[in-house]
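Please treat every number below as a calculation from the coordinates, not as lab data. This structure is a prediction, so every number in the text was calculated from the model and none was measured. Glycine also receives a Cβ, built like all others from the backbone with ideal geometry; neighbour counts cover every protein chain displayed.
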Amino acid sequence: MTNGVPEPERERRAAHERLSTGGLSRWTRACARHPWRVVGTWLGIVALLIVAVGAFGGSLKDEFEIPGSDTQRATDLIESEFAAEQGGVLNLVFAAPEGERLDTPERQAAIEGAIERLRTDEFAPTEDEAGIENVGDPFEDETISDDGRIGYTEAQFDRIIFEEDREAVLAVQNAVREEVEPAGITAEFNGDAEFPPIEQGVQELLGLMAALLVLLIVFRTVVAASVPLVLAITAVLSAFMLLFLLAGLTDINTITPLLVSMIGLGVGIDYSLFIVTRFRQLLHEGLSPEDAAAEAGASAGRAVLFAGATVAISVTGLAFFGLDFVTKLGIGSALGVLTTVLIANSLLLAILRLLGHKIDRLKIPFLRPIDDSEAARERTLVARWGRWVTRHHKPVFVVLLLAGLVLASTSGLVRLGASDQGTQPDEQTARRAYDLLAEGFGPGFNGPIPIVVDVNSDPEAPQRIYDGVSELAGVASAGEPQFNDEETVAIVFVTPDFAPQDEETGVLVDQLREEVVPAATADGDAVAYVSGLNAAFKDIADRIYERLPLFLLYVIGVTFLVLAMAFRSIVISLTAAITTLLSAFIGFGVLTLVIQEGYLMGLTGLDRTGPIETFVPPIAFAILFGLSMDYMVFIMSRIREEHVHGLRTREAVEHGIAAIGRVVVAAAVIMGTVFAAFILTADRISKEFGLLLAVAILTDALVVRMTLVPAFLTWMGEKSWYIPRWLDRLLPNLTIEPPHDGEWREAEPERPVELAGRP
């Protein structure tokens, strides 16, 4: 009891004195005052989205364009001059048992029988379904390995194969296996027509189960733990509908849904976790459900808005790379954030208002209920951790900074490129076909390098290129120039000595571009472009390195301004930007050590190292910059709130960590677990995103935000809030701290829940 006022009543009065005002507060109060209207509105929005997707939604297609690059020019030439050869290609790879041959009468008859079956009407193209236009014969084409054990041929479809054509491809594979397996022949398949769809469902379910376990520990009640999961699922489903609407307007890559679910589940649970936690705290401090829901939206919801804004800023920066598919991947992955922010600041508040004190129903047995009072929060392990960090701030800051810089420096080992099918899990037929072709025809056979020659008035140029390539070191073989019907464009296929993803193959691409092609075309007006998978990813990497400074300047600069507006401090804004870079590079470093260098790689389900895909770093950085800023916003908003209400910096840091630290730790564990679950997918790129995001987020939240930044702010003291007067006057007065009128008002009596349709 203080001055004759019981502690619960004192906390209730203090909570009322700090009720927010302003535009956002009016919105959140309207959502809390009319919950059934909000629920009805969202049901209408979802229904409208379902109808719109059915009417206008599109399908996903993998399209990669690199404007202005040699690869793109070569692709455009092939598409315009070799139009008859633009269907998807499925490589049929046959293998006899070890030590045996394919050319025995029985096995040869089986392979030829399979080929004849593919040439029948059973697999002929139709208007609605993809079909085989032509198929070769390994015996006629002499595409049998020297030892006679392995052979291959190509089956060409009538169109480029997308995900909707998957059944037609599987039908071809099943038919071939039916014909050849009785003769003891193994049949495997790869090529651009063989790309298994990215499977979803298992990793999301595992992530949700892990998240539910953490939420039950945090909230100790089933109802409170279920609310963030329901919101996250709703946000992801809404994001999926928006994604397929977007796919009806433009090409969206097939990996985008995985990013949508990964990011959407992570932020959906995290954002709602912060708001639900604040709602329960306010309820326990004596506010009515309506006031608690409105105030939770005005305070924690405001932080959610700023956090979502940082993600949006980061993603829009991807446009600076000038790579359409990278920009769309980023925009698609941000849809989950967009829907989460909208739902969290409207539907979630309405649901919390309707639940009221029922949020504490269905308590978990054997777990002591959480005391959310301020006094209890100061006794928690997280609060003690915050006080320990502030007491030892100097050594903590120095040690963690040095350790972080050492780990981040390993990102300098990264080699951007394209991992080939040889790095995929061996349960995929494309991986097994790759291994057979490499065994029978050499590692470079899986990645021929096409040199596309626009002849113009120099018809001898393709032959000169062929002659120059044939004797080049690192070249296993070269094919004679293949001309189009008009003989205006030719292609020279170069087979390197090394696998497509090997660094030596990249060196060969550079040598072809810088030495062989210029020498062969110097005396004429022919133009030649070195293309292929390795060249394409080198072009992407060059574009990323070229535009990276502009991208970083934009993302860091705009985010700096937003955070400067939010916290009215250039020290905090710079700290946020620099430490986020540190977290990102630590994530890149760990990814490099595992995927490229092979340390602990077995834990990822991969068995072969390879380069990091060139488009993973920019997309991951944009996402990481936004998500790591989330934790900075959530922690600093609470620290600033304490500082605004009169505490000095060290005490504000301690009280802020005590108030929000437990939730930040839980949120980071949830998001990190959701991301880590995607390491279980069969797709290598999904594993890269999952590992990188999980490591970076856990490092950022648990080490950087909960330890390094508090130590630094304690060291800086009141200088932490420095902002030049001219900048303070120039920036809009848009702070993360909700405005207050400073007046105490009696709590309004709790009203019964309104019936749908009533005011």
Subject >> Proxy reagent accessibility, fewest Cβ within 10 Å first, across Met671, Met565 >> reply: Met565, Met671
**OP:** Would you mind computing, in nm to one decimal, how far apart the modelled labels at Met209 and Arg101 are, each placed 7 Å from Cα along Cα→Cβ?
**Re:** 5.3 nm
Subject >> Added length on full extension, which subtracts the Cα-Cα distance from 0.36 nm per residue, Ser80 to Ser226 >> reply: 47.0 nm
Original post:
Hey, with R₀ at 30 Å, roughly what FRET efficiency would Ala319 and Val202 work out to, going by the Cβ-Cβ distance, to 0.05?
Top reply: 0.35
Subject >> Dipole of the chain, positive direction: furthest Cα of Leu582, Gly68, Asn733, with charges on the beta-carbon >> reply: Asn733
**OP:** Take peptides 261-270, 28-37 and line them up by average Cβ neighbours within 10 Å, highest first, as a rough protection proxy.
**Re:** 261-270, 28-37
Subject >> Estimated FRET transfer efficiency (Phe139, Ile45; beta-carbon r; R0 56 Å; 0.05) >> reply: 0.35
**OP:** Relative to the longest principal axis of the C-alpha atoms of the chain, give the angle of the C-alpha long axis of helix 166-180, reported between 0 and 90° and rounded to the nearest 10°.
**Re:** 50 degrees
**OP:** With an 8 Å cut-off on Cα pairs and a minimum separation of 6 or more residues, tell me the relative contact order of the stretch 89-190 in percent.
**Re:** 45 percent
Subject >> Under Karplus coefficients 6.51, -1.76 and 1.60, residue-wise ³J(HN,Hα) of the stretch 725-730 in Hz, glycine/proline x >> reply: 4, 5, 6, 4, 6, 6
**OP:** Could you grab the relative contact order for the chain? Cα pairs under 8 Å, six or more apart, rounded to a whole percent.
**Re:** 20 percent
Subject >> 37 °C / 0.692 mPa s Stokes-Einstein diffusion coefficient of the stretch 605-717, Kirkwood radius on C-alpha pairs, µm²/s >> reply: 214 µm²/s
Subject >> Dipole of the chain [Lys/Arg +1, Asp/Glu -1 at C-beta], most positive-end residue of Val39, Phe82, Thr604 >> reply: Val39
Subject >> Charge context of Thr649, other residues only, Cβ under 12 angstrom, K/R +1, D/E -1 >> reply: 0
Original post:
Where Lys and Arg each count +1 and Asp and Glu each count -1, what net charge lies around Phe325 among other residues with Cβ under 11 Å from its Cβ?
Top reply: -3
**OP:** With everything on Cα atoms, drop me the angle between helix 393-409 and the longest principal axis of the chain, reported from 0 to 90° to the nearest 10.
**Re:** 10 degrees
Subject >> Total charge dipole magnitude, the chain, about the Cα centre, Cβ charges on Lys, Arg, Asp, Glu only, Debye to nearest 20 >> reply: 7680 debye
Subject >> Check: the stretch 161-258 dipole with +1 on Lys, Arg Cβ and -1 on Asp, Glu Cβ, in debye >> reply: 860 debye
**OP:** Using the Kirkwood radius over Cα pairs, work out the Stokes-Einstein diffusion coefficient for the stretch 89-190 at 4 °C and 1.567 mPa s, in µm²/s as a whole number.
**Re:** 94 µm²/s
Original post:
Using alpha carbons only, how many degrees (0 to 90, rounded to 10) separate the axis of helix 105-118 from the longest principal axis of the chain?
Top reply: 60 degrees
Subject >> Cβ-based exposure ranking for Glu654, Glu290, Glu427, Glu460, in which fewest neighbours within 10 Å come first >> reply: Glu427, Glu460, Glu290, Glu654
Subject >> Positive-end residue, the chain charge dipole about Cα centroid, Cβ charges, pick of Val176, Leu713, Thr250 >> reply: Leu713
**OP:** Kindly put Ile578, Ile45, Ile252 in sequence by how many other C-beta atoms sit within 10 Å of each C-beta, fewest to most.
**Re:** Ile578, Ile45, Ile252
Subject >> Amide H partners (placed H, <5 Å) of Ser477, local residues excluded >> reply: Thr495
